[in-house]
Every structure is written in structure tokens, then in C-alpha cells.
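Heads up: the structure comes next, in C-alpha cells.
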Amino acid sequence: MGDLVRSALTSIEKHQIESAYALGLTPLHTFIYILLPQSLKRVTPSMINLFTRMIKTSSLAMLIGVVEVIKVGQQIIEHSLFTNQSAVLWIYGVIFCLYFVICYPLSLFSRYLEARWEN
């Protein structure tokens with residue numbers, strides 16, 4: 001996350017900072033009114049992507065990672081009478097829906113922010 005924020009801040013052109021100083025803005029005002037809004041626009045898609053990847057791959061982010069959930073699904077299939085294809089598809093479908101319900105709102109939030117900041 002730190003690298004994403006750093007790259008967003010360093011991607012702002014130097015002449016914008018110099019122009020802010022030429023207008024008499026202090027370094028704090030330059031950061032608040034010039035650097036921060038532009039860097040937030042640039043870092044938002046990367047942050048949402050990172051959050052989504054963390055949810056899918058990390059047990060710390062969601063308490064249960066994708067690998068653990070799929071492993072439990074496989075154990076349910078192996079230790080039960082679910083030998084037909086439709087039951088297997090239902091189990092994996094529930095797992096898919098679980099992650100979709102968690103990750104899709106993040107994607108919608110990202111779209112909302114990008115549309116709002118597009119002006």
C-alpha cells in the first residue's frame with residue numbers, strides 16, 4: 001500500500017508543485033489542495049485492486065481465505081453423498097457467491113469514486 005501511495009504522489013508533475021509555490025501556497029496547502037486530490041484519483045483503482053486481492057488470498061483480511069473455503073468445499077464433497085455433478089456445482093457456486101458478495105461492492109465503490117472524480 002505504501003508503494004502505491006508513493007507512486008501516486010510522485011506521479012504528480014513537478015511544475016504543479018512549483019506553480020502552487022509561485023501562487024504563495026504553503027507546503028501544507030500545496031499538499032492538501034494540489035497533491036492529495038490528484039493522487040487520490042490516481043491511487044483509487046490500485047487500492048481497490050489490492051483490497052480485493054487481499055480478501056481473496058489472505059486469511060487475515062477475511063478470516064477465511066479462498067484456499068481454505070475451497071478446501072472445505074472439497075472435504076464436504078469427499079465425505080458426503082454428493083457424488084453427482086449438480087451437487088458439486090452447487091457447493092462451488094455457493095463459494096463463488098460468497099466471494100462475489102464481498103468483492104463486488106468494492107468494485108462498485110471504485111466505479112462510484114472514479115465517476116465522481118472524473119470532472
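The values are calculated or read from the model by the stated rules, or taken from the named source; none is laboratory data. Note that the structure is predicted; figures quoted are calculated from it, not measured. Here Cβ is always computed from backbone atoms with ideal geometry, including for glycine, and neighbour counts include all displayed protein chains. We work out accessible area using only protein heavy atoms, side chains counted, and drop any ligands, DNA or RNA first. Shrake-Rupley method; radii C 1.70, N 1.55, O 1.52, S 1.80 Å.
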TODO: Search region 101-119 for residues being of a type in the set (Phe, Trp, Tyr) and under 13 Å from the mean Cα position of the chain (by Cα), and hand back the single one that is nearest to Met54 (Cα to Cα).
DONE: Tyr104
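Of the residues Ala115, Ala87, which single one is modelled with pLDDT under 80, out of contact with any Pro (no Cβ under 6 Å at 6 or more places or on another chain) and small (Gly, Ala, Ser)?
Sole residue among the options that is modelled with pLDDT under 80, out of contact with any Pro (no Cβ under 6 Å at 6 or more places or on another chain) and small (Gly, Ala, Ser): Ala87.
Yes or no, residue by residue, for (1) touching a Gly at 6+ places or on another chain (Cβ under 9 Å); (2) modelled with pLDDT under 75; (3) within 21 Å of Leu113 (Cβ to Cβ); (4) loosely packed, with under 15 Cβ neighbours inside 10 Å:
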| position | (1), (2), (3), (4) |
| --- | --- |
| Ala8 | no, no, yes, no |
| Gln16 | no, no, no, yes |
| Ala22 | no, no, no, yes |
| Thr57 | yes, yes, no, yes |
| Gly65 | no, yes, no, no |
| Glu78 | no, yes, no, yes |
| Val94 | yes, no, no, yes |
Task: Cβ-Cβ under 9 Å pairs, at least 6 apart or on other chains, region 90-114 side closer than 20 Å to Ile77 by Cβ, far side modelled with pLDDT of 80 or more and open to solvent by less than 80 Å² (accessible area, probe 1.4 Å) - done: none
Open item on the list: I'd like the residue in region 24-42 that is open to solvent by 80 Å² or more (accessible area, probe 1.4 Å) and among the hydrophobic types (A, V, I, L, M, F, W, C) and, out of all such residues, is farthest from Ala115 (Cα to Cα).
Closed with: Leu28
